[in-house]
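Inspection log for the structure reproduced underneath, given as structure tokens.
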Amino acid sequence: AQSVTQLGSHVSVSEGALVLLRCNYSSSVPPYLFWYVQYPNQGLQLLLKYTSAATLVKGINGFEAEFKKSETSFHLTKPSAHMSDAAEYFCAVSVSSYKLIFGSGTRLLVRP
Amino acid sequence: EAGVAQSPRYKIIEKRQSVAFWCNPISGHATLYWYQQILGQGPKLLIQFQNNGVVDDSQLPKDRFSAERLKGVDSTLKIQPAKLEDSAVYLCASSLRAGEGEQYFGPGTRLTVT
């Protein structure tokens, strides 16, 4: 069975600092991996996805993630946090290319 | 292009009452999903439709939940009777076709069962 673990339910950074949100997955077959962002009272929006092409994936709003098979990780990073990045971030795994298994989410707080 | 529409946005009911949620996917999207998002958790897939047929309803509590997608366009999700543990946000998503990868989510319906 597939699963996703997001380390840290809350992450707080200063504006301009590096953002690092951690995601580890479990899958018996090569997975598809996704990061979604959810702003308050809104639905989820796709940030980026890994589908077995390049291991470093660039997404919207300056975010990127690196697929590391040896570490079963897909951490999300952004070099410089902006106030508008404050939101909840979800990592998800899929092996059947449609059924998404989501992690429990990480709330990002950005301090001025 | 209009996004996924859901209504109502908020609903408060008492336990044992019934409730229905409506979703209109993005035009042309053949695949429609309903997710349940309990506070503090990630979304969990309840049911997936491909056109008007059910592809996966393995996580749907069928003794109280039902869903339909007549004509392969909009969809309704019903809970009857509701329990306290059904309090959650119900998200609808659509994709061009199964396996497309990118699912587009609506704003959700926040259900509170008292």
Just checking, does region A:52-61 include any residue being open to solvent by 20 Å² or more (accessible area, probe 1.4 Å), touching a residue at least 24 places away in the same chain (Cβ under 8 Å), part of a strand (DSSP E or B) and of a type outside the set (Val, Ile, Thr)?
no
Output for region B:39-49, where each listed residue is surrounded by 14 or more Cβ atoms within 10 Å (Cβ to Cβ) and more than 9 Å from chain A (Cβ to nearest Cβ)
B:Leu46, B:Ile47, B:Phe49
Need the failing condition index for B:Val54 against (1) in a strand (DSSP E or B); (2) under 22 Å from A:Gln45 (Cβ atoms); (3) without any contact (Cβ under 8 Å) to a residue 60 or more places away in the chain, just the number.
(2)
Does any residue in region B:1-17 that is of a type in the set (A, V, I, L, M) come within less than 9 Å, Cβ to Cβ, of a residue that is assigned to a loop (DSSP other than H, G, I, E, B) and open to solvent by 50 Å² or more (accessible area, probe 1.4 Å) six or more places away or on a different chain, and which pairs are these?
B:Ala2/B:Ser27; B:Ala5/B:Asp74; B:Ile12/B:Thr114; B:Ile13/B:Thr114
Inside region A:87-112, can you point out the residues that are under 17 Å from A:Leu47 (Cβ atoms) and more than 9 Å from chain B (Cβ to nearest Cβ)?
A:Ala87, A:Glu88, A:Tyr89, A:Val93, A:Thr106, A:Arg107, A:Leu108, A:Val110
Being among the small types (Gly, Ala, Ser) and at pLDDT 95 or above is the filter here; which residues of region B:40-92 pass it?
B:Ser66, B:Ala67, B:Ser75, B:Ala82, B:Ser87, B:Ala88
Considering only region A:1-27, how many residues are in a loop (DSSP other than H, G, I, E, B), within 15 Å of the chain's Cα centre (by Cα) and of a type in the set (Ser, Thr, Tyr)?
1
Single unsatisfied condition, A:Pro30 versus (1) open to solvent by less than 50 Å² (accessible area, probe 1.4 Å); (2) in a loop (DSSP other than H, G, I, E, B):
(1)
Among the listed residues B:Lys62, B:Lys11, B:Lys15, B:Lys71, identify the single one that is among the basic types (Lys, Arg), open to solvent by 20 Å² or more (accessible area, probe 1.4 Å) and part of a strand (DSSP E or B).
B:Lys11
Given the conditions (1) closer than 29 Å to B:Cys92 by Cβ; (2) open to solvent by less than 70 Å² (accessible area, probe 1.4 Å); (3) touching a Ser or Thr at 6+ places or on another chain (Cβ under 9 Å), report the number of the one that A:Leu44 does not fulfil.
(3)
Residues being farther than 13 Å from B:Ala67 by Cα and open to solvent by less than 60 Å² (accessible area, probe 1.4 Å) - total across region B:18-35
6
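The values are calculated or read from the model by the stated rules, or taken from the named source; none is laboratory data. Nothing here was measured: the structure is a model prediction, and the numbers come from that model. Backbone-built Cβ (ideal geometry, glycine too); neighbour counts: all protein chains shown. With ligands, DNA and RNA removed, areas are computed over all heavy atoms of the protein, side chains included. Shrake-Rupley method; radii C 1.70, N 1.55, O 1.52, S 1.80 Å.
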